[in-house]
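Shown next, in structure tokens, is the structure this report addresses.
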Amino acid sequence: MRSLSTRVLFTGLLILLIVHCIPASSRSVLPSAHNTALFRLTPFRYSNTCVNDKVTFLIDNTNGITTVQWNFGDPSSGNANTSANIRPEHTYTATGTYTVTLTVNRNGVQDVTTQDITIVAPVPHDFGPQDMILCEGQTAVLNAPVVPGATYLWQDSSTGPSIVVDTTTTYKVKINGCLVPDSVNAFFTPIPKLDLGDDHTLCLGESIRLDATSQNSTYQWNTGETTSTIVVTKSGYYEVQVNAAGCGTYTDAVTINIAGGPYPPFSLGPDTLLCPGESVTLSPNVPGATRYTWSTGSRAPSVTVRNPADVWVFVQIDNTCEVLDTIGVRFNALRNINLGNDTTICKGEFLVLTADYGQGSYLWQDGSEQATFYVRQQGIYYVRAQIGRCISSDTIMVRYDDTLRVNLGPDTVLCKQEILRLYPAGAGGNFKWQDSTNVPVYTVTQPGIYALVANNTCGRAVDSVTVQYKDCECQLYLPTAFSPNNDGKNDLFRPVYRCLLAEYQLSVYNRWGERVFFTTDPQLAWTGYKNGNPIDIGTYVWILDYKSADTRQQVHKTGTVTVVY
């Protein structure tokens, strides 16, 4: 018979032989510097692959890492070839492929990861003019230099050798991870909305400003002026050419005649600043007026302005010539304050109310005068803000909800015919029972699982209780009241039962915890006396323990009894 040590040695030799018999193609591959394509214990990334640029290395998952050691595979860099930083930088000064080794200690376990990085020189290229200006709605194609087998990465993450220029931005491309030194800024010119207005005959002494302002444009008037606007005081034909960069040349013209008059000047009034919700009615008082032409399109003698605008009007006098004026209508920075709708938040949180509309005065419900208010308790909050002559106010009700703590009590077993009342303790006001009702007291008369789901601003809470029923062959009942006045009716306090009892104990206590009655005999009744004296009217607590003499089942009950006379 072989000894135990012999059997162990034999088994070890057998395992060794089996291992040596496994074909090489069936063996598992262990991680090493030459198997990085199969194993990546701690994956990492790098920011670029450009020679003479700083390359930043990033570990994808740093959880649990206690120590880090990098080797950048660049021994010619001396001490800079290694780093113990979790996010190191390294500059490669020569092109080529380098093997980067990362050794980490994660939760007490060391692992080694290697990855090759190919450092390349930037591809020289000239995209042409640094700025490209296109007309609104137009596009262009920007081509990167052709490098066989290269990868491309544009600023918008597209990867083709060319890109469609359709957005205002700086266009740049990386080839093989290295940024091309040249880039292009693209701009788009809106199509000019050129309109010098209708021909007019102005009264003597009037002048009119012709406006051709457009974005990214130059101007040439037939008067020789090159500004975006000119002021006309003489009769004539006025034409402008607007050269919008990328869009081309646009032309408009108008004829202005000066005749009739002069007439006394009129005014729409000074530029005006309104408060939110206000409006201004413009009614020029011009003697002999026969026609009105407003910038709003109205032909009425007056207009009401409710929005910010520069409003002008041509007023024809005696059907001969026109006088005109312009007014600027602006609105105060103080908009209608809105503290938001009434809201409910959780206890422990705070709410920031803001009425900050610039330099002005602020008054909150507690007399504070800052532009913002921190709410930390339930209540009604009010603010009045004034900027200049404009006043605005608002009110908000903030309520607090507590975290829900629903508790229906422990699972329970009842005797047949007994009932259990469940209360939604800790559920707040928004809850439902398992049958979708929301009664304040749920009465249980059948076995089952009873659940309560409550919701409020702070979240959701759920609790359930399992109720079972059983046959209680030895059930005992005690009255809830008796009157020990010796009138022959309900004079005694004693149990009603239908089986043999064992180990019976009944104690009765007054409201101070003093025991006023005790017996171990279920046939002995309490007569309502203590030490020979009748007890006071009131409610008394009883505690009952007994066993069924047949089943030896232990029963414990408590309750109250009221003494009346």
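The values are calculated or read from the model by the stated rules, or taken from the named source; none is laboratory data. Just so we're clear, the structure is a prediction, and the values are computed from it rather than from any experiment. We place every Cβ from the backbone using ideal geometry, glycine too, and count neighbours over all the protein chains shown. In case anyone asks, the SASA skips ligands and DNA or RNA and just uses the protein heavy atoms, side chains included. Shrake-Rupley method; radii C 1.70, N 1.55, O 1.52, S 1.80 Å.
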Open item on the list: Can you return the aspartates and glutamates within cross-link range of LYS347? Criterion is Cα-Cα under 20 Å, with same-chain partners fewer than 8 residues away left out.
Closed with: ASP401, ASP402
- [ ] Using a Förster distance of 51 angstrom, determine the FRET efficiency expected from the C-beta separation of LEU363 and TYR529, and round it to 0.05.
- [x] 0.10
Open item on the list: Quick check: with the 1.4 Å probe, what order do PHE493, PHE127 take by accessible area, largest first?
Closed with: PHE127, PHE493
Open item on the list: I need the Kirkwood Rh of the range 300-356: take the reciprocal of the average 1/r across all distinct C-alpha pairs and report it in angstrom.
Closed with: 16.5 Å
- [ ] Taking only protein heavy atoms into account and a 1.4 Å probe, give the accessible area per residue of the chain in Å².
- [x] 59 Å²
Task: q = 0.16, 0.20, 0.23 Å⁻¹: log10 I(q)/I(0) that the Debye formula gives for the range 258-374, counting C-alpha atoms only - done: -0.81, -1.06, -1.26
TODO: Using only the alpha carbon atoms of the range 243-289, find the Kirkwood hydrodynamic radius as the inverse mean reciprocal pair distance, in angstroms to one decimal.
DONE: 16.1 Å
- [ ] Put one equal scatterer on each alpha carbon of the range 417-482, apply the Debye formula with no solvent term, and list log10 I(q)/I(0) at q = 0.12, 0.16, 0.19 1/Å to two decimals.
- [x] -0.42, -0.64, -0.78
TODO: Bin width 5 Å, alpha-carbon pairs only: give the P(r) of the range 288-439 as whole percents, running from 0 to the bin holding the largest distance.
DONE: 2, 7, 11, 9, 8, 7, 7, 7, 7, 7, 6, 5, 4, 3, 3, 2, 2, 1, 1, 1, 0, 0
Open item on the list: Below 29 Å, Cα to Cα, which lysines can LYS547 reach? Residues fewer than 8 away in the same chain don't count.
Closed with: LYS416, LYS470, LYS530, LYS557
Open item on the list: Starting from a Cα-only point model with no solvent, please compute log10 I(q)/I(0) by Debye for the range 331-397 at q = 0.19, 0.24, 0.25 1/Å.
Closed with: -0.69, -1.02, -1.09
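Per residue and in cubic angstrom, what volume does the convex hull of the Cα atoms of the range 210-314 have?
149 Å³
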- [ ] Kindly provide the Kirkwood hydrodynamic radius of the range 104-198 in Å, to one decimal, from all pairs of distinct alpha carbon atoms.
- [x] 16.4 Å
TODO: Please turn the phi angles of the range 103-118 into ³J(HN,Hα) values with the Karplus equation 6.51 cos²θ - 1.76 cosθ + 1.60 (θ = phi - 60°), one per residue in order, whole Hz, x for glycine and proline.
DONE: 10, 10, 10, 10, 6, x, 10, 8, 9, 10, 10, 10, 7, 8, 10, 9
- [ ] Percent of Cα-Cα pairs per 10 Å bin, from 0 to the last occupied bin, for the chain, please list those.
- [x] 3, 9, 8, 9, 10, 13, 13, 10, 9, 7, 6, 3, 1, 0, 0
- [ ] Take the Cα atoms of the range 394-455, build their convex hull, and give its volume per residue in Å³.
- [x] 91 Å³
- [ ] Over the chain, with every protein chain in place, what whole percent of the accessible area is carbon and sulfur at 1.4 Å, could you tell me?
- [x] 50 percent
